[in-house]
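Here is the structure we will look at.
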Amino acid sequence: MLRETRSELPVIETLISVGLIVLFCVIGWAANAGGEAMIWGGIALAAMGFAYGIPTAMVYHWLLYRALVRADRLPDRWWLSPTSHHERIPREERAGVFVWGAIGGTGFGVIVLGILVTSIGLWRTLRA
């Protein structure tokens, strides 16, 4: 009997590609933007990072909690260092938990990029 194989979307590779495209677009825009435009653009980037990073991080922590509880492997104070408990997640549930962790992690990257753009815009404004 032939087993069907389900091809999974390479989420990490897709996130890296999209992140690089966004980074290059921001760099191209910032090269010609004025200080005030960079300040507002950086604030908008940070706001977008917060807007999707926090909800996806909450989903990640909820899925991690559920997976560890179902496997009866939930340690005390697991939330203090959630990534240190990844090896406790049953193999069949890892992909679902890790995808949400990766998406939430990109939110942090967007926040940092927004802060960087805002800082450069402030520097340009003060320098002028």
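The values are calculated or read from the model by the stated rules, or taken from the named source; none is laboratory data. Since we're looking at a predicted model, the values are computed, not measured. A quick note on method: Cβ atoms are made from the backbone with ideal geometry, for glycine too, and the neighbour counts reach across all protein chains shown. Remember, those area values only see protein heavy atoms, side chains included, never the ligands or the DNA or RNA. Shrake-Rupley method; radii C 1.70, N 1.55, O 1.52, S 1.80 Å.
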Under the rule of -39500 (n - 2.57) per DSSP H run of 4 or more residues, summed and divided by the residues of the chain, what mean residue ellipticity at 222 nm is obtained, to the nearest 500 deg cm²/dmol?
-> -27000 deg cm²/dmol
In cubic angstrom, how much convex hull volume per residue do the alpha carbon atoms of the chain span?
-> 120
Reference-scaled alpha-carbon Rg (2.2 N^0.38 Å with N residues) for region 54-122 = 1.35
Protein-only accessible surface order, largest first, of Ile89, Ile43, Ile111 at 1.4 Å = Ile43, Ile111, Ile89
The relative contact order of region 1-107, taking Cα pairs under 8 Å that sit 6 or more residues apart, comes to a percentage of 39
Can you send over the carbon and sulfur percentage of the accessible area for the chain, probe radius 1.4 Å, protein chains only?
-> 68
Please give the per residue accessible area of region 23-128, computed with a probe of 1.4 Å over protein heavy atoms only, in Å².
-> 63
Given +1 on the Cβ of Lys and Arg, -1 on the Cβ of Asp and Glu, and no further charges, what dipole in debye does region 11-128 carry about its Cα centre, rounded to the nearest 20?
-> 120
